[in-house]
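In what follows, a single structure is set out as structure tokens and then discussed.
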Amino acid sequence: MHEMSFCIKLVNLAIETAQREQAKRVEELSVLVGEMTGIVDQLFINCYEKAVEGTILEGAKLNLIHDKTRAYCNNCGTEFIPDKEHDYLCPKCGGFDCKITGGRGVVLKEIILD
Ligand SMILES: [Zn+2]
């Protein structure tokens, strides 16, 4: 399952962070979920719950925040949300020399430790 690999990476990172900070437990996790990943929240949550069983993360609150796809135009410096209407090109100059700057992965945004 697609969600699983993202989930395992995230859980490992969160556990590492908690251990490094010598936390007793983890209260809350905020996770940015990129639109481009195509992740389905409920599947991600199912994986997460299995992955955290018996770890320091068990019982922590999980907040999923949707991260919209964003792009940056190398030609004119505009940041924009790519859309089909513009063929995913820069809406300002029509340039195609753009890079994706957001919405691409799963990012651990915040971790609240105790
Ligand atoms: Zn542009």
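Side notes on the structure shown:
- For first residues located in the stretch 66-82 and free of Cβ contacts under 8 Å to residues at least 24 places away in the same chain, partners that are more than 13 Å from the ligand (Cβ to nearest atom) and in a loop (DSSP other than H, G, I, E, B) and lie 6+ apart or on another chain with Cβ distances below 9 Å form the pairs Ile81/Lys68; Ile81/Thr69; Ile81/Gly103; Pro82/Thr69.
- For the stretch 8-50, taking the residues that are at pLDDT below 95 and under 16 Å from Leu113 (Cβ atoms), the one that is surrounded by the most Cβ atoms within 10 Å (Cβ to Cβ) is identified as Arg25.
- Only one of Gly95, Gly54, Gly103 that is more than 16 Å from the ligand (Cβ to nearest atom) and without any contact (Cβ under 8 Å) to a residue 60 or more places away in the chain: Gly54
- Residues (exposed (fewer than 13 other Cβ atoms within 10 Å of the Cβ), of a type in the set (A, V, I, L, M, F, W, C) and within 21 Å of the chain's Cα centre (by Cα)) located in the stretch 63-111: Ile65
- Listed by position, the strands (runs of 3 or more DSSP E) enclosed by the stretch 58-114 include none that has at least 1 residues that are over 30 Å from Glu21 (Cα atoms), of a type in the set (Gly, Ala, Ser) and in contact with a Leu (Cβ under 6 Å, 6 or more places away or on another chain).
- Some residue of the stretch 31-46 being of a type in the set (Asp, Glu), outside any strand (DSSP E or B) and away from the ligand (no atom under 16 Å from the Cβ): yes
The values are calculated or read from the model by the stated rules, or taken from the named source; none is laboratory data. Note that this is a predicted model, so its numbers are computed, not measured. With ideal geometry, Cβ positions are generated from the backbone for all residues, glycine too; neighbour counts draw on all protein chains shown.
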